[in-house]
Amino acid sequence: MPQRLGRSFGWLWSAYAASTVGTWLGFGAFPLIAIQVLDAGPAAVSALAAAGLAVGAVLALPLGPWVERQRRRPVMVATDVVRFAALLSIPIAFGFGVLSYTQLLVVSVLGAAANIAFGSASGAFVKSVVRPEQLLVANGRFESTTWTATAVGPTLGGAAVSLLGPVFTVIANAVGFLLSALAIGMIREREPRPAHRTATRLRGADLVAGWRFILADRELRPMFANTVTVNALIMATEPLLAVLLLGDLGWAAWQYGLAFGLPCVGGFIGAQLAGRLAARHGRRRVLLVSGALRAVWPVGLFFVMPGTAGVVLVIAVELALITCMGVFNPLFATGRLERVPAERIGRVLVAWNVTGTGAIAVLTALWGALAAVAGVRAAIGVAGVLLLATPFLLPRTGTGTPVGEPAQPTVGAAA
């Protein structure tokens, strides 16, 4: 029987579902608008993605300490409203014939910064609406929702783009954030006063406090290096895969959508199995095994070929990869929340997300340059080989309180 997590979590989960579905419905809308509406070239399209992530990450730096001094729910509502308004400005400008590349870039930056702030606040807020022993179940539901939306959203969004144009999916994305803000506003549970509410002056040391905490913790430090590296290497090859499959190998759009949409079922299954596997084999063991296995599969994409065999190969590789991620991600997210004290969650999550976002932006640019020199397939293969080394960044067995297990009360207690 499914575990009940309470009405407050139900509204929070609904908010997450609305924003996630909206985001995936609008997946790829900005590049399409830049190309189809503004006649932007490949360099401008790549710059739009990389600059939005990088500048947004820099702007988000002071948000960690600031979020810790605020109640999380108002911060989440505010960032949802910012994302809604920023995205809605695009179809409005398009309707009046004044949409520009600069506006797309500004909206991309605001979205990246707001995403980091929302992630920081929501990660802390989860701890206040569910009991510690329910964190894994809660994170498993978020993970299941992510992969369900990933499987369905781009397909529906692609159909909407074909029928109504890319600007329509931006409206759907904006509405998702509005629905998220409304759902969070329905939470009536009183939130505890932040520990640092009285501190008002932002010091330079506050900007790096999240990284200091991560790097000082012998369990979080290797997990930080592992997750940032794995995510950046995987995301850096996404544009190259599109070029290889749709361009060089001549795949049809429906084959591309099928190859990357169908395997998302594995993420849903993995998230459902994470708790059961952890209960049977131990959270640390399952975390480390799934974390190592998720790095094994991407190198297989180097061998993709034209036709049905290539589609089957990509589906198999992505299914194995995403299933492992579906198991790993909720265990990792739960362990991180348990290990970080409540008064440090904001800046730790911002530091983590800023680093991850920046790493994706940098490696995406580097791998684009590598593909220009060595070829797209070779660049994908290099990323796959480097991923094979990332399991060595995972925490070694027997060092400290593992991220995959509950932390001791003195570590996780709020001040």
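The values are calculated or read from the model by the stated rules, or taken from the named source; none is laboratory data. As the structure is a computational prediction, the values presented were derived from the model and not from experiment. We place every Cβ from the backbone using ideal geometry, glycine too, and count neighbours over all the protein chains shown. We work out accessible area using only protein heavy atoms, side chains counted, and drop any ligands, DNA or RNA first. Shrake-Rupley method; radii C 1.70, N 1.55, O 1.52, S 1.80 Å.
What share of Cα pairs, in percent, lie more than 15 angstrom apart in the range 1-104? That fraction is 74 percent. With the Cα gyration tensor of the range 262-408 giving a ≥ b ≥ c as the square roots of its eigenvalues, does the rule (a/c under 1.5 for rounded; else a/b larger than b/c for prolate; else oblate) give rounded, prolate or oblate? Because a/c hits 1.5 or more and a/b fails to exceed b/c, the range 262-408 counts as oblate.
With contacts taken as Cα pairs under 8 Å at a separation of at least 6 residues, the chain carries a relative contact order of 27 percent. Pairwise Cα separations in the range 336-388 fall into 5 Å bins from 0 onward with the following percentages, short to long: 4, 18, 17, 16, 11, 11, 10, 8, 4, 1. In whole percents, the pair-distance distribution calculated for the chain from its alpha-carbon pairs, binned every 10 Å from zero, is 5, 21, 34, 28, 11, 2, 0. Model label points for Ser128 and Leu273, set 7 angstrom from Cα along the Cα-to-Cβ axis, are 3.7 nm apart. Among 48-57, 366-375, sorting by the average number of other beta carbon atoms lying within 10 angstrom of each residue, highest first, gives 48-57, 366-375.
Taken as entire DSSP H runs, the helices of the chain that both span 30 Å or more between Cα atoms along their own long axis and average -0.5 or more on the Kyte-Doolittle scale are 72-95, 101-129, 135-164, 307-339, 345-374.
Kindly report the accessible area of the chain per residue (heavy atoms of protein chains, probe 1.4 Å, no ligands, DNA or RNA), in Å². All intermediate terms of the calculation are to be shown ahead of the outcome.
Numbers: 18690 Å² over 415 residues.
Heavy-atom SASA per residue in the chain reads 45 Å².
When the solvent-accessible area of the chain is split by element, carbon and sulfur atoms take up 69 percent of it, the probe being 1.4 Å.
Taking a ≥ b ≥ c as the square roots of the Cα gyration tensor eigenvalues, with a/c under 1.5 meaning rounded and otherwise prolate when a/b beats b/c, else oblate, which class fits the range 57-110? Spell out each step's value before the answer.
On the way: a/c = 6.17, a/b = 2.03, b/c = 3.03.
In terms of gyration-tensor shape, oblate.
From the alpha carbon centroid of the range 141-194 to that of the range 53-101 is 15 Å. Placing dummy labels 7 Å off each Cα toward the beta-carbon, the span from Ile35 to Ala93 is 2.0 nm.
Would you please classify the overall shape of the range 72-202 from the alpha carbon gyration tensor, given that a ≥ b ≥ c denote the square roots of the eigenvalues, rounded means a/c under 1.5, and beyond that prolate means a/b larger than b/c while oblate covers the rest? The shape class here is oblate. One chain, two ends: Phe303 and Ala242. Fully extended at 0.36 nm per residue, the span grows by 20.5 nm beyond their Cα-Cα distance.
Within the range 1-34, what residues put their amide N at less than 17 Å from the label point 7 Å along the Cα-to-Cβ vector of Arg188? Backbone N within reach: 6-12. Of the peptides 99-112, 325-338, the order by per-residue mean of other Cβ atoms within 10 Å, starting with the highest, comes out as 325-338, 99-112. Candidates Val106, Ala47, Ser180 compared by Cα position along the dipole of the chain: farthest toward the positive end lies Ser180, with charges placed on Cβ. Dipole check for the chain: with +1 at the C-beta of Lys and Arg, -1 at the C-beta of Asp and Glu, and the Cα centre as origin, the magnitude is about 1540 Debye.
Computed as a quarter of the hull surface, the mean projected area of the alpha carbon convex hull for the range 251-320 stands at 4.9 nm².
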